[in-house]
Structure formats: structure tokens, C-alpha cells
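K.L.:
What follows is a single structure, and I will ask about it in a moment.
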Number of protein chains: 2
Amino acid sequence: MDDVDTIARAAAEAFEVTVRSTGAERASWLRAVAAALDSGTEELVPLAHEETGIPIDRLRGEVARTTGQLRMFADVVEEGSYLEVVIDHADPSATPPRPDLRRILRPVGPVAVFSASNFPFAFSVAGGDTASALAVGCTVVVKGHAGHPLLSRRTAQLVTEALREAGAPEGIFALVTGRDAGIALVEHPAITAASFTGSLAGGRALADRAAARPTPIPFYGELGSINPVVVTAGADAARGEALATGLGTSFQLSAGQLCTKPGVVFVPHGSRLEAALPAAVGDEAHRLLTDAITSGFSSGVAAALAIDGVEVIAGDPASHTAPVVLATDAATLSEHAETLLAEVFGPFTLLVRYTEPAEVIAAFEHLEGSLTATLHAEEGEDTAELLARMESLAGRLLFAGWPTGVAVTWSQHHGGPWPATNTQHTSVGATASRRFQRPIVYQDAPQHVLPEPLLEHNPLGIPRRVDGVRA
Amino acid sequence: MDDVDTIARAAAEAFEVTVRSTGAERASWLRAVAAALDSGTEELVPLAHEETGIPIDRLRGEVARTTGQLRMFADVVEEGSYLEVVIDHADPSATPPRPDLRRILRPVGPVAVFSASNFPFAFSVAGGDTASALAVGCTVVVKGHAGHPLLSRRTAQLVTEALREAGAPEGIFALVTGRDAGIALVEHPAITAASFTGSLAGGRALADRAAARPTPIPFYGELGSINPVVVTAGADAARGEALATGLGTSFQLSAGQLCTKPGVVFVPHGSRLEAALPAAVGDEAHRLLTDAITSGFSSGVAAALAIDGVEVIAGDPASHTAPVVLATDAATLSEHAETLLAEVFGPFTLLVRYTEPAEVIAAFEHLEGSLTATLHAEEGEDTAELLARMESLAGRLLFAGWPTGVAVTWSQHHGGPWPATNTQHTSVGATASRRFQRPIVYQDAPQHVLPEPLLEHNPLGIPRRVDGVRA
């Protein structure tokens, strides 16, 4: 792994420059990368399509999302709140006397970004993790995903050129590939944090290595999510057919290869949703992203079907990559929770029939953490206890919607209790950058040594808390 | 460990109540605990003195600090920023249409708090970790320190009674003791986070267990710190004697048993500081906190003295627990970094003589992360490169001061690169509560299901970011 060593050292050297860069500089770097990707869309999208099989239109949308993300982080940096500046002036009259203290968030250092297979732009080489790490002044080494190697390489070239032309230091960004390189990266002394989107098994293995280092580093993993949906009797009676259409669209979106895919859906026995769902399920076989996903899909569906009390209600499991809907009841789910609540990537969802809401609450005891939990209910139905369970299990709680589709906003949170993520952080939205920052406080520092955002006269005009008051 | 199991389950049950409590309720609980400790001072302080040997006056001050902390977190909760509320209204015209998203930080669940030996109040049963966890709606199980068992038990009784009388649920707070109980606690499925202040070895062992759980949990460890100090030639020439007095006070404070004790001090060869320091060093043997600290002190000093080029400049190492100052030069430090830069708890510090500032910078390559780094320099001296090194190593950077004494304020940061802490979080100051919160975002939620801080009309009048703008 000489290559990884050289690259990681270069990232550490570049960090000596980026740690001193201004927010304005970094915002211009991010916008340069966004512009380069926008210009490269017509070249990149066909490459991505060829390697992943993802439809051209979705890929085009994903490039726009990716460049939108880069520009959002440029805006976030310029706004300045992300530095979380807090200033307390000295108080010599306090017991004991209080010094002048000025707190700011600083970049952690070189970051390892493990890219995902299912978003070859938005969660890959120039995706959200890269954007949020560069935004705060970190340098980045991406471990490219084997599912789209040529796209990864070409994207990395465009990013590298754009950063160079924008004046960023050499070594600020690099790409490595291969499983061994990924392991070497997370264990390299120069790497100060790692982020990962992918499978529970792969993520856990890397997280364990990050924790076992002589100098442990934070590992931000987005690992697996079943995304439970609950449809109440009232909601089913009011709009069962529309819910069937919505669910059909959501679980088949991107051939079901989304971390927010609704994987288990609680519906009343004899629901209109269940009756209407088969009409919303396609019969075409999909090309899935990787061989591992293809075989995992087949074996996951087969394992569920092997359980007594699980039946097919739409699709043909023998076709292997065409959409499939299975159904069971709450008691069977509870009895075979480990099999039936394992995440199955691909166009599959499981309906779970219930009679009393109490059955849903009991079944929830078997669910692990998820990125999302969704409730379809009508006004006047008592859902308080159910909602309390859903809140304890998920990072995003949806009402009358579907979990696929993650808006990139100031407010977004894309994370949740284990195994959705292994930390309290998000990988989408403005606060994603906090993963790559650490606080530092300056005590009684002369003005001339302070970082600009901490200067008394606030030359950048950024939001700060001063003597306890937000200003 | 039936006992731990029962207690942890009770904490989980109580969490069902505290997770729904209001900030006003929790503020009143914290103030009730503070009042109970204040009332109990005259009973608690002699008990603490008996068990720890810490002087009465310092203990009295520590109780005041502890109740001040509890009240600060009550203020923080009432102010509301700690919830980090972000609201983005729906935008149907966006591509794709953007839902209504409302983000808030929620309590993680039952928290395990491992208390420290050296602050029997401020970092113990009712210390900062307990206060910051209760503040945000978590329940707490404290693992008491074996160095002050009776004080721990009596404090826990007062806390439990105060919480009960203030209307907090049974099980919100409990104490367990013993090493095995601590391990059982960090591995118990009901525990969702743990915080620890203590030795590197003990903390690392617990951190490894937290990471190896089937469901890993965050472990917030404050583990070890050498707290480097650099005195420039200019500063020594200008005020070497005053610096000797300041250093003498700082490293002997609380018999050197502070995590912010200055452990290594870079001084110019032939410094006025070194000449004046012996007069500032006491000759009385101290009673140290525990047998382990006492033997660690002796063996740490002996190991340093066994190195060629290390000499005694104050104190008598043979006395075992009286203050000792050793001195060496930068080259010897670099050669024997592992021994000479190991943290030695107790009244000991090491002077490192240098001729050129470049020697200090070279020696810094051997330093690990610290809670603090301190610079004594004069205006006009070029310290930019040195400061950059210090920033990369520490969580608090001091100018013309001494690192002992940690103000409890909005701005404070008590943490640093490994092994100072193992996360980017602080255990002192207003932001300490964030360790025990996780974000959740509500998508398109009807108003009647939202937590009060997310309601459209902001009934609590708390700070929020709405559509990107701080309000």
C-alpha cells in the first residue's frame, strides 16, 4: 500500500494549507468543482449509465443534486454559523476570575471517504461527504466504489483539475481504489476521520478497525435501514388505492436500491392498499448495481419465502431481479424477526398485516434503528404511543409521505439509531460538515493570533454567541 | 450483575417519561439538585476530605462549582439553542418538490457516567456529565469511583431525594459501584451512551467494549493529557520569576492531580524561570488520591530519572509524594519521548531546555494530543509556526496563563485530539450536553404531533433557523 501511504501523506501536507484557508477560498473551490461537474454532465452520465445501469434521467438529476450540494456547502461556509463561534469576555470579578474564552470549530485533518454504489455521483467521489469535508477545511482521500471504477476515475480527474485551477493546494483531494487500499486508508496514521455509506457488514468491519487503531478515529457509517411504514385503518379506508400507488413507486424507485426504501409496511388485514398494490408493481427484471446486490436480493427474498405464513402477493420471485412483494402477519414477523427484518436491497417490500394497533407496537419491539419511519394516519386517530416508538427508532419521521427522496437542506437529518448510522451525525444536509470539525478554544489570546472569525470586531459579520447572547 | 440489570432497566423505563418532559421541568429538577447539594455542603465536604485528602477549602469551592454547573445547564435548557431547531418550510415549486422539514435534537436514552477520583463533586456523582445528560432529558446511571465510596453514596441519596421531591420519575438517576458493575453497565443493552473521565488504560478498555457491543454506543472519554507549555526567550527575559511562581502554583495545585496540570514546560537554556522555580516548589509530602496514583507517581518520576540527561532541579524524588521538578533538554526528550511524555499524575513537572525555537517545534512531533497547550511569549516574537503546532495538538490554547482551572461557560471546550479525548466533544461548558442528544427531523408532520419547540408559532420563543435564516 505504498500508494495509499504516499497519498495520505500528501493529504496531510495539503492540510497544512487548507487548515489556514479562508471560508471564501473554500467556497470558491466548491463552486469550481460544481461547475466542472455541470460542464462534464454529458460525458459523465453515459459513463455512469454504462457502469451502473441506472437510467440516464435519474443520473442527470443526480448530477444536479451533487452540484447543488457542493454549492449549498459553499453557502453554508459563507454564512458562518457552521463555525459555532462562542465568545465569553473576561470577568475578573467572577470567583474564580474568568478569562477571555473564544471557541470555534476547526477542521480535523485528512478525511477518508468511502463511496457508495447506489449514488455514483451524490454519495461517491464528489458527493456529500467530500463536499462537507472540503467545506470546513479538511483534505479528502476517496476510496472509490468498485461498481463504477471508470466513472470514479474520470470524476476524480475533473475534481482534481477544478481544484487546481481554483487555487487549492496539491494533494487536497485524491482517489484510491480496491478493498486493501480502503483498509490501509482507515488505518493510516495521517487519516483523522472516515465516512462510509454501504453495507452493515462492510461498515462494521471498517468501524472496528477505526476503533482499534492505536489512535482511534471517528468513523461515520451509514450502514443499513429497513424504513418501517405504518398505515392505519383510517388511512387505508380513506385512501388505500393512492397509498398503494405511492408505495409501489417508492419501493421500486431506483430498483429498490435506496437506503431509504420502505422495507416493511404494516397494513390492516384485508386492506385496500394490499388489494391495489399488485397493479402498482412492475414485472420487468432490473439490472441491479452489483453482483453482490443481485445475489443478496434473491437470497433475501428466498429466505423470507421459506418461512411458513409468508406469501407472494405481487411479482414472481423466480425471476430474481423483478419486483416482489411478500406479505405476512404481525405474529409471524415477531417470530422470525431476524430474517424478515433484515435489509434486502432491491425491488422488494414486505407487507405485515395486523388487526389491532397493539400488534404493530409489539412488532416494533423487534425493529432496529432506521433512517426513517413513516406514518399514514387520519386526523383523530390516536397514534401517540406508536409515534413514540417510531421516534425512538428513526432519524426522520414522515407523515403521509414516502421515505425515498432526501431533500438537501439546512434542516435535513440522514441518520438514525444503530444500525442506520453508528453516530448521532448526518451525512446529508448542512450539519453534515460537523463530522469533520473539532472545537478549539482560545484563552486570553492577543487579537493578532486569533482566527479571523474570532476577532473582536467580527470582520466577517458571522453569527456568534457573545457573553451568552446570540449576535 | 443482576443489580446493574435492574437499575439499567429502571433507567430505560424512566426514560419513557423524561424523553417527554419539558425543558422547564428539567430545569427545575437541576435546580433542585443544586439546592440539595448546597444545603448538604457542610455534611458532604468533611466526608470528601476524609476519603480523598483534598483540602476543605478546595472542596467547598468544588461544591459551588458543581451546583453552578447544574444551574448553568438549567439556564442552557431554558435558553433553547441546545435543541438546534432548524425549520425549512415546504417548497412545492422546487425540483424535486421539497417537503416541510423540522429538525430538533432529542435525548439519546439512559446514559452511563463513570466518575473520576480527582473531582469528587464536579466530575463525580452529580458532576458535569450527570448535569448535561439530565438537562437534555436522558436518565443517568453513575458508576461511582472507588476513591470516595461513602461520599458517592451520600451524594447519590441527596440527588435521588431532590429529584423525587421535584417530581422527576423514579429511576431517572442511580448509582452503581465496582469494576464489574462498570463493565456490565457499558455493555448493557439499555445504555445508549457512556461518558468517562480517568486514565488512558481504563478508558481505552471501556471504549473498546462500547465499540465492540452488538449495538455499539458512543463512548465519550477524557483520558490523558500532558498539557505542554512553551516559554519563549522573550517571555523568560521579561518575567521569568513571575512565570516560575505561576508554574509552581499550577503544577502543585491539588497536588498535581488535575487533568490540565502542566506536565512538560519548554524553557530557554539558562532561563530565569528555571533558576527561580525551586523557590516555588514545596517540600511537603502529599496524600495522593489513591494507591494507584501514589505508585504511578513514584514509578513515573523514577522512570524519567533513570534516563541519562534527566536531572532533579527541585524536590526530593525519594520522598515519593512530595513535589518534584525534573529537567532535560529537547534532544533527550525526543529520544525518550515515550517515557518522558507519559502523563504522571501528581505534583511533578518536567522542564525541557532549548536553544533554538526550532528544537521546540521538532520536539512537538513527539507530543500526542492534549486538553491544553500554553504559550508565554512577548509581542513581536514570531510564534506563528509554533502556534500552528499547538493548535493541531490541543483543544484549548492559552496565552500568558496556566492551564489548571477550567471556567464553566458557554464557550468552554475541555477536550482535544487523542488521547486527551476520543471524540470531538467537550465534558465542560454548555455544549457538553450535545454528547447526549441525537437529531431527528419531522417531515410534513401535522402541528399536533410536533414537539413544542417545533410548533410553527414558536410558543417557547427559542432561537431557531427558519428557511435558512436565524430567528
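K.L.:
Please go through region A:50-92 and pick out each residue that is closer than 18 Å to A:S152 by Cβ and among the β-branched types (V, I, T).
P.N.:
A:T52, A:I54, A:V63, A:T66, A:T67
K.L.:
Would you confirm whether or not region B:334-348 contains a residue that is touching a Ser or Thr at 6+ places or on another chain (Cβ under 7 Å), of a type outside the set (V, I, T) and within 29 Å of A:V449 (Cα to Cα)?
P.N.:
yes
K.L.:
With B:V77, B:V45 as the choices, which residue is open to solvent by less than 60 Å² (accessible area, probe 1.4 Å), of a type in the set (V, I, T) and in contact (Cβ under 8 Å) with a residue 40 or more places away in the chain?
P.N.:
The unique qualifying residue is B:V77.
K.L.:
Out of B:L258, B:L223, I need the residue that is away from chain A (no Cβ under 13 Å) and in contact (Cβ under 8 Å) with a residue 12 or more places away in the chain. Which one?
P.N.:
Answer to the selection: B:L258.
K.L.:
Has region B:400-422 got at least one residue that is more than 9 Å from chain A (Cβ to nearest Cβ) and over 23 Å from A:L105 (Cα atoms)?
P.N.:
no
K.L.:
Which of the residues spanning region B:128-152 are under 19 Å from B:I56 (Cα atoms) and out of contact with any Ser or Thr (no Cβ under 6 Å at 6 or more places or on another chain)? Even if it seems obvious, please write down each step before you answer.
P.N.:
Narrowing region B:128-152 to residues under 19 Å from B:I56 (Cα atoms): B:147-152.
Those that are under 19 Å from B:I56 (Cα atoms) and out of contact with any Ser or Thr (no Cβ under 6 Å at 6 or more places or on another chain): B:P149, B:L150, B:L151, B:S152.
K.L.:
Does region A:407-418 contain at least one residue that is open to solvent by 10 Å² or more (accessible area, probe 1.4 Å), out of contact with any Phe, Trp or Tyr (no Cβ under 7 Å at 6 or more places or on another chain) and among the aliphatic types (A, V, I, L, M)?
P.N.:
yes
K.L.:
Quick check: anything in region B:55-64 closer than 30 Å to B:G346 by Cβ, hydrophobic (A, V, I, L, M, F, W, C), surrounded by fewer than 21 Cβ atoms within 10 Å (Cβ to Cβ) and modelled with pLDDT of 95 or more? So that I can check it myself, show each step before the final result.
P.N.:
Let us first name the residues in region B:55-64 that are closer than 30 Å to B:G346 by Cβ, namely B:55-64.
Retained after the next criterion (residues that are hydrophobic (A, V, I, L, M, F, W, C)): B:56, B:59, B:63-64.
Within this subset, residues satisfying the condition of being surrounded by fewer than 21 Cβ atoms within 10 Å (Cβ to Cβ) are B:56, B:64.
Filter once more, keeping what is modelled with pLDDT of 95 or more: B:56, B:64.
Among the residues of region B:55-64, at least one is closer than 30 Å to B:G346 by Cβ, hydrophobic (A, V, I, L, M, F, W, C), surrounded by fewer than 21 Cβ atoms within 10 Å (Cβ to Cβ) and modelled with pLDDT of 95 or more, which makes the answer yes.
K.L.:
I'm trying to understand the selection: among the residues of region A:85-103, which are farther than 16 Å from B:Q69 by Cβ, within 8 Å of another protein chain (Cβ to nearest Cβ) and open to solvent by 20 Å² or more (accessible area, probe 1.4 Å)?
P.N.:
A:P99
K.L.:
Just give me the residues in region A:244-271 being outside any helix (DSSP H, G or I) and on the phi > 0 side of the Ramachandran plot, in sequence order.
P.N.:
Selection gives A:G270 alone.
K.L.:
Does region B:147-171 hold any residues that are touching a Lys or Arg at 6+ places or on another chain (Cβ under 9 Å) and hydrophobic (A, V, I, L, M, F, W, C), and which are they?
P.N.:
Those that are touching a Lys or Arg at 6+ places or on another chain (Cβ under 9 Å) and hydrophobic (A, V, I, L, M, F, W, C): B:A166, B:A168.
K.L.:
Does B:G401 count as under 23 Å from B:G234 (Cα atoms), open to solvent by less than 20 Å² (accessible area, probe 1.4 Å) and not in a helix (DSSP H, G or I)? Before you say what the answer is, go through the steps one by one.
P.N.:
Numbers: under 23 Å from B:G234 (Cα atoms): yes; open to solvent by less than 20 Å² (accessible area, probe 1.4 Å): yes; not in a helix (DSSP H, G or I): yes.
It is true that B:G401 is under 23 Å from B:G234 (Cα atoms), open to solvent by less than 20 Å² (accessible area, probe 1.4 Å) and not in a helix (DSSP H, G or I).
K.L.:
Name the residues in region B:104-119 that are farther than 20 Å from B:A407 by Cβ and either touching a helix residue (DSSP H, G or I) at 6+ places or on another chain (Cβ under 6 Å) or surrounded by 23 or more Cβ atoms within 10 Å (Cβ to Cβ) (or both), would you?
P.N.:
B:I104, B:L105, B:P107, B:V108, B:G109, B:P110, B:V111, B:A112, B:V113, B:F114, B:S115, B:S117
K.L.:
Looking at B:H366, is it over 23 Å from the mean Cα position of the chain (by Cα), within 14 Å of chain A (Cβ to nearest Cβ) and open to solvent by 30 Å² or more (accessible area, probe 1.4 Å)?
P.N.:
Working: over 23 Å from the mean Cα position of the chain (by Cα): yes; within 14 Å of chain A (Cβ to nearest Cβ): yes; open to solvent by 30 Å² or more (accessible area, probe 1.4 Å): yes.
For B:H366, the condition - over 23 Å from the mean Cα position of the chain (by Cα), within 14 Å of chain A (Cβ to nearest Cβ) and open to solvent by 30 Å² or more (accessible area, probe 1.4 Å) - is met.
K.L.:
Which one of these is surrounded by fewer than 17 Cβ atoms within 10 Å (Cβ to Cβ), touching a helix residue (DSSP H, G or I) at 6+ places or on another chain (Cβ under 8 Å), more than 14 Å from chain A (Cβ to nearest Cβ) and more than 30 Å from B:H286 (Cα to Cα): B:A24, B:A8?
P.N.:
So the residue among B:A24, B:A8 that is surrounded by fewer than 17 Cβ atoms within 10 Å (Cβ to Cβ), touching a helix residue (DSSP H, G or I) at 6+ places or on another chain (Cβ under 8 Å), more than 14 Å from chain A (Cβ to nearest Cβ) and more than 30 Å from B:H286 (Cα to Cα) is B:A24.
K.L.:
Further question on the same structure: If you take the residues of region A:383-394 that are touching a residue at least 24 places away in the same chain (Cβ under 8 Å) and buried (at least 16 other Cβ atoms within 10 Å of the Cβ), which of them is farthest from B:I440 (Cα to Cα)?
P.N.:
The qualifying residue farthest from B:I440 (Cα to Cα) is A:T383.
K.L.:
For region B:423-471, how many residues are touching a Leu at 6+ places or on another chain (Cβ under 8 Å), surrounded by fewer than 17 Cβ atoms within 10 Å (Cβ to Cβ) and facing chain A (nearest Cβ under 8 Å)?
P.N.:
2
K.L.:
OK, next. When you go through (1) more than 29 Å from A:P463 (Cα to Cα); (2) within 13 Å of another protein chain (Cβ to nearest Cβ) one by one for A:C138, which number turns out not to apply?
P.N.:
Just one mismatch for A:C138, condition (1).
K.L.:
List every residue pair whose Cβ atoms sit under 7 Å apart, with the two residues 6 or more apart in sequence or on different chains, where the first one lies in region B:371-382 and is closer than 13 Å to B:V267 by Cβ and the second, anywhere, is outside any strand (DSSP E or B) and open to solvent by 30 Å² or more (accessible area, probe 1.4 Å).
P.N.:
Filtered contacts from region B:371-382: B:T374/B:W402; B:H376/B:A400.
K.L.:
Just to be sure I understand, how many residues within region B:226-243 are surrounded by 22 or more Cβ atoms within 10 Å (Cβ to Cβ), hydrophobic (A, V, I, L, M, F, W, C) and either without any contact (Cβ under 8 Å) to a residue 40 or more places away in the chain or in a strand (DSSP E or B) (or both)?
P.N.:
Of the residues in region B:226-243, 3 are surrounded by 22 or more Cβ atoms within 10 Å (Cβ to Cβ), hydrophobic (A, V, I, L, M, F, W, C) and either without any contact (Cβ under 8 Å) to a residue 40 or more places away in the chain or in a strand (DSSP E or B) (or both).
K.L.:
With respect to A:L70, determine if the residue is within 13 Å of chain B (Cβ to nearest Cβ), touching a Lys or Arg at 6+ places or on another chain (Cβ under 9 Å) and buried (at least 21 other Cβ atoms within 10 Å of the Cβ).
P.N.:
So A:L70 fails the test.
K.L.:
Give the number of residues within region B:302-323 that are open to solvent by less than 30 Å² (accessible area, probe 1.4 Å) and more than 17 Å from B:N227 (Cβ to Cβ). So that I can check it myself, show each step before the final result.
P.N.:
Start the filter on region B:302-323 by keeping residues that are open to solvent by less than 30 Å² (accessible area, probe 1.4 Å), which leaves B:304, B:307, B:310, B:314, B:321-323.
Next cut, more than 17 Å from B:N227 (Cβ to Cβ) only: B:307, B:310, B:314, B:321-322.
So the answer is 5.
K.L.:
If you check A:T321, A:T372, which single one turns out to be closer than 19 Å to A:N118 by Cα and in contact with a helix residue (DSSP H, G or I) (Cβ under 8 Å, 6 or more places away or on another chain)?
P.N.:
Values: A:T372 fails: in contact with a helix residue (DSSP H, G or I) (Cβ under 8 Å, 6 or more places away or on another chain).
Result: A:T321 is the single residue among A:T321, A:T372 that is closer than 19 Å to A:N118 by Cα and in contact with a helix residue (DSSP H, G or I) (Cβ under 8 Å, 6 or more places away or on another chain).
K.L.:
Determine which member of the set B:L151, B:L223, B:L163, B:L185 is open to solvent by less than 10 Å² (accessible area, probe 1.4 Å), under 18 Å from B:V113 (Cβ atoms) and either of a type in the set (D, E, K, R) or touching a Gly at 6+ places or on another chain (Cβ under 6 Å) (or both).
P.N.:
After ruling out the rest, the residue left standing is B:L223.
The values are calculated or read from the model by the stated rules, or taken from the named source; none is laboratory data. Because the structure is a prediction, the values reported are computed rather than measured. Counting neighbours? That spans all protein chains shown, and the Cβs are built from the backbone with ideal geometry, glycine included. Areas reflect the complete protein model, heavy atoms only, side chains present, ligands, DNA and RNA absent. Shrake-Rupley method; radii C 1.70, N 1.55, O 1.52, S 1.80 Å.
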